[in-house]
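Undergrad: One structure is given below, represented as structure tokens, and several questions about it will come after.
Since every read-out is calculated from the coordinates, none of them should be taken as a lab result. Remember, it's a predicted structure, so these values are computed and weren't measured experimentally. Reconstructed Cβ throughout: ideal geometry from the backbone, glycine too, with neighbour counts over all protein chains shown.
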Amino acid sequence: MSIQEKAIDNTQKAKATRLSFGEALVELGTSDSRVVALDADLSKSTRTDLFAAKFPDRFFNMGIAEANMIGVAAGLATAGKVPFAASFGAFLSGRFDQIRMSVSFSGANVRLVGTHAGVGIGEDGHSQMALEDLALMRSLPNMTVFQPADDWDTRQFMSWSLKHSGPCYMRLTRQNMPALKRLSTVFAPGRWDCLHDAGENAVWILASGGLVPAGIGAADILAKQSSENQVGVYNANWIKPIDEHSLLHLLSKKPALVVTLEDHYSTGGLGGAVSEVLAARGAGVRLLRIGVEGFGQSGSPEDNYRHYGFTPEAIAKRILDAGVLR
């Protein structure tokens, strides 16, 4: 069985994590009356429209005024509600000052939900693409940052966040994501999913969000040219707190190369977080950060992923060019 067959569950229908969020939000709202939802006139895109249809008295369309939405969400949290405030990730990060002061500095129990992450959103172009949001959100002292890879990830984090006290940011895809097969189905806060384990001197691909399937595909290509024991894959869904436990596990195996893979600028997101941990520990490990270089462009999701080198073939080639696989 190939790595792709081991890691991806084709018996389940692929689903955008923004839709998984909308469905899970309705479920949480049904079980907990504290849950409220806010949107900035994009409810059909963020899928808070599902909550609005079910709980119109607990849904607040703030219009095209994200800064006000963030402030109102902080106020509702202070009043004992659990607000989920959603918009495109690019529009939330564009209101960073309000998040910094009204949510983070005040410690407000707000769940910020940024959809339409990365160049994978397609034709809408750079103005709509969240590309620096992870870097901004993880810079805030008390912000939890999570990027789910599939429906299960999204629902598990939603349930966990309801019990968590403190600000959270969740980053979601517009495109459909296949369901993953995990080595463990225990959702552990701050811990990544190992999708394929490997031995010593292996290449480890740490993929996040929209690029997890491409990371699995690249691992499959590499395994066929070397061996399955030479390629490990993690679903790096927790951006903050970063999963130091898993990083220490792979470091104990003396990796030949660690690769971070994300539909986000290569600066400041997952790659930045991993490099900080490796540098602080003096790991002396080769790190290849694969992310968006330059501005986003308008094109189909498939064309964008080809252009930015996010196909399994392009990722595998970059790893092979590093010359570490036997």
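Undergrad: To the nearest 500 deg cm²/dmol, what mean residue ellipticity at 222 nm is calculated for the chain from DSSP H runs of n ≥ 4 alone, each contributing -39,500 (n - 2.57), summed and divided by the residues?
TA: My calculation for the chain gives -10000 deg cm²/dmol from helical runs alone.
Undergrad: If the only charges are +1 at each Lys and Arg Cβ and -1 at each Asp and Glu Cβ, what is the size of the charge dipole of the chain around the Cα centre, to the nearest 20 debye?
TA: 580
Undergrad: Among GLU228, GLU302, what is the fewest-to-most ranking by other Cβ atoms within 10 Å?
TA: Ranked by crowding around the Cβ, least crowded first: GLU302, GLU228.
Undergrad: Direction-averaged shadow area of the convex hull around the Cα atoms of region 15-177, nm²?
TA: 8.0
Undergrad: With +1 assigned to the C-beta of every Lys and Arg and -1 to the C-beta of every Asp and Glu, and no other charges, what is the dipole magnitude of region 15-177 about the Cα centre in debye, to the nearest 20?
TA: Using Cβ point charges on Lys, Arg, Asp and Glu, region 15-177 gives about 360 debye.
Undergrad: So what does log10 I(q)/I(0) come out to for the chain at q = 0.07, 0.12, 0.14, 0.15 Å⁻¹, using the Debye formula with one equal point on every Cα and no solvent?
TA: For the chain, the Cα-only Debye profile gives -0.26, -0.76, -1.03, -1.17.
Undergrad: Could I have the simple spin-label model distance between SER227 and ALA79, label points 7 Å from Cα toward Cβ, reported in nm to one decimal?
TA: Going by the 7 Å Cα→Cβ label model, 6.3 nm.
Undergrad: Follow-up. For LYS317 and VAL186 in the same chain, what is the full-extension length gain: residue separation times 0.36 nm, less their Cα-Cα distance, in nm?
TA: 43.8 nm
Undergrad: Return one number: the angle in degrees, 0 to 90 and rounded to the nearest 10, between the long axis of the Cα atoms of helix 212-225 and the longest principal axis of the Cα atoms of the chain.
TA: Compared with the principal axis, the helix lies near 10 degrees.
Undergrad: List, in order, the whole-Hz ³J(HN,Hα) value for each residue of region 173-179 obtained from phi through the Karplus relation with A = 6.51, B = -1.76, C = 1.60 and θ = phi - 60°; use x for Gly and Pro.
TA: Residue by residue, region 173-179 yields 8, 7, 7, 5, 10, x, 6 Hz.
Undergrad: Rank the residues ARG281, ARG47 as a footprinting-exposure proxy: fewest other Cβ atoms within 10 Å of their Cβ go first.
TA: ARG281, ARG47
Undergrad: I would also like to ask the following. Once you treat every alpha carbon in region 170-311 as an equal point and sum by Debye, what is log10 I(q)/I(0) at q = 0.13, 0.18 Å⁻¹?
TA: Taking Cα atoms of region 170-311 as identical point scatterers yields -0.54, -1.07.
Undergrad: To continue, here is another question. For region 15-177, what's the relative contact order in percent, using C-alpha pairs closer than 8 Å and at least 6 residues apart?
TA: 27
Undergrad: Something else: What is the sum of charges around LYS254, taking Lys and Arg as +1, Asp and Glu as -1, for the other residues whose C-beta is under 12 Å from the C-beta of LYS254?
TA: Every neighbour counted, the sum reads +1.
Undergrad: How big is the C-alpha Rg of region 228-326 next to the rule-of-thumb value 2.2 N^0.38 Å, as a ratio?
TA: Scaled against compact globular proteins, the figure is 1.12.
Undergrad: Got the relative contact order for the chain handy, in percent, Cα pairs under 8 Å and 6 or more residues apart?
TA: 19
Undergrad: Highest mean first, how do 91-99, 4-12, 156-164, 269-277 rank when packing is the count of other Cβ atoms within 10 Å averaged over residues?
TA: Taking the mean over residues of other Cβ atoms within 10 Å, the ranking is 269-277, 91-99, 156-164, 4-12.
Undergrad: Same structure, new question: Within a 10 angstrom radius of the beta carbon, how do PHE60, PHE295, PHE88 rank from fewest other beta carbons to most?
TA: With the sparsest Cβ surroundings first, the list reads PHE295, PHE60, PHE88.
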